[in-house]
Structure formats: C-alpha cells, structure tokens
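Peer 1: Here you go, one structure.
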C-alpha cells in the first residue's frame, strides 16, 4: 500500500468516487449531493493550503483518502484539526483507513497541531472502533443534529491529543504548513 499526498488533478475523480456512496447511501457524510471530480479537485487544492490530504493506493488504484481541516474558525482553535477518512467498499478491511490515519496524524503532529477531532454519525461501530483503536476518546454527542435519509442522526465526537504539548505557559509555536 502506498500513502501519498493527494494531487487535485490526478486524484479528484477517484476521491469523488470513493466519497459518493457516503453521501448518497448513508450518513457518514451529511452532504446530500455528491461532489463531482471538479468540485473534489477544488476541495483537495483548498484543504492542502493548510492541512494534509492523503490518498492510499492499493493495487495501483486509489482505495481511499484522509485529510485534516480547520476545527473551528476562531483563532484560538488553530492548533486543533478535524480529521476524516473514507475508503471505497471494495478496499475495506485491508488496513487502508488505519494506514491513512497513522500517516495523517503524524503529519498533523509535525505541523504543530495539538488535537485531532473526529465527528461520527451514530451508529457506526466500525468507525468508532477504528478511531478508538488509534487513541481517540469520546468527548460528547450532539443528539438528533442532522436529518438525512428520512431520519434524525446523532453525531458523536472523539478527540486524540497529538504529541505537541508545547510550553506549560505562553503560546505554543504557530502551526506550520503541511508541506516542507
């Protein structure tokens, strides 16, 4: 398995194809219209200005992707990142999600991020198990927060400290760009 930086041109269509079932068939995403390749390419390019966006290749094909993004707009949150991972159905249970997250979390840590946060539409035992196996701990649940597929969904939140403890007092160093 190869984990590499996503390219907004080369990988957009494959990432859109991996993501579409999460949008159209379930509640893993609260979007209701799956983005096309052009929109996915725009998203990859936008995210990569501040956070990593990675793809996993299995058998020469993009099997899945993971990325970090801004947790919240307010400046004091700049050391926290939301994280997401999506793997195509035909590639699940082959370690792609774990490999993507291990690499992503390492890169976020090297950037100077202190906390990774993940929202999971519930129930989703596979996603909960993945996150908890990687050290994420549950911190709360938004009850009946999203309406999709004819019903209300809860979203659980998990967080995982990254190794960037920083000084006990004063501001930590500013987060660095994801590349270089």
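Peer 1: Sort out which residues of the range 70-97 are touching a helix residue (DSSP H, G or I) at 6+ places or on another chain (Cβ under 7 Å) and part of a strand (DSSP E or B), and write them in order of number. Steps first, answer last, please.
Peer 2: Here is the first cut: in the range 70-97, the ones touching a helix residue (DSSP H, G or I) at 6+ places or on another chain (Cβ under 7 Å) are 71, 81, 83, 85-89, 97.
Across the range 70-97, the qualifying residues are 81, 83, 85, 86, 87.
Peer 1: Taking the conditions exactly as written (part of a loop (DSSP other than H, G, I, E, B) and in contact (Cβ under 8 Å) with a residue 12 or more places away in the chain), does residue 41 satisfy them or not?
Peer 2: Here the answer is no, as residue 41 does not meet what is asked.
Peer 1: If I filter the range 104-142 down to residues being out of contact with any helix residue (DSSP H, G or I) (no Cβ under 9 Å at 6 or more places or on another chain), assigned to a loop (DSSP other than H, G, I, E, B) and modelled with pLDDT of 95 or more, which single residue comes out as farthest from residue 163 (Cα to Cα)?
Peer 2: Checking each candidate, the answer is 123.
Peer 1: Looking at the range 1-19, is at least one residue surrounded by 13 or more Cβ atoms within 10 Å (Cβ to Cβ) and modelled with pLDDT under 95?
Peer 2: Yes, there is a match, as at least one residue in the range 1-19 is surrounded by 13 or more Cβ atoms within 10 Å (Cβ to Cβ) and modelled with pLDDT under 95.
Peer 1: Look through 67, 101 and report the one residue that is surrounded by 21 or more Cβ atoms within 10 Å (Cβ to Cβ), out of contact with any helix residue (DSSP H, G or I) (no Cβ under 7 Å at 6 or more places or on another chain) and in contact (Cβ under 8 Å) with a residue 24 or more places away in the chain.
Peer 2: Unique residue meeting the criteria: 101.
Peer 1: Suppose we keep only residues that are in contact with a helix residue (DSSP H, G or I) (Cβ under 8 Å, 6 or more places away or on another chain) and not in a strand (DSSP E or B) within the range 47-63. Which one would you say is farthest from residue 13 (Cα to Cα)?
Peer 2: Applying the filter and picking the extreme gives 51.
Peer 1: Shifting gears a bit: Does residue 143 meet the test of being touching a strand residue (DSSP E or B) at 6+ places or on another chain (Cβ under 6 Å) and free of Cβ contacts under 8 Å to residues at least 12 places away in the same chain?
Peer 2: yes
Peer 1: Hey, another quick one. Which residues, taken from the range 113-140, are loosely packed, with under 12 Cβ neighbours inside 10 Å and at positive phi?
Peer 2: 140
The values are calculated or read from the model by the stated rules, or taken from the named source; none is laboratory data. Remember, it's a predicted structure, so these values are computed and weren't measured experimentally. Please note: Cβ atoms are built from the backbone with ideal geometry, for glycine as well, and neighbour counts cover all protein chains shown.
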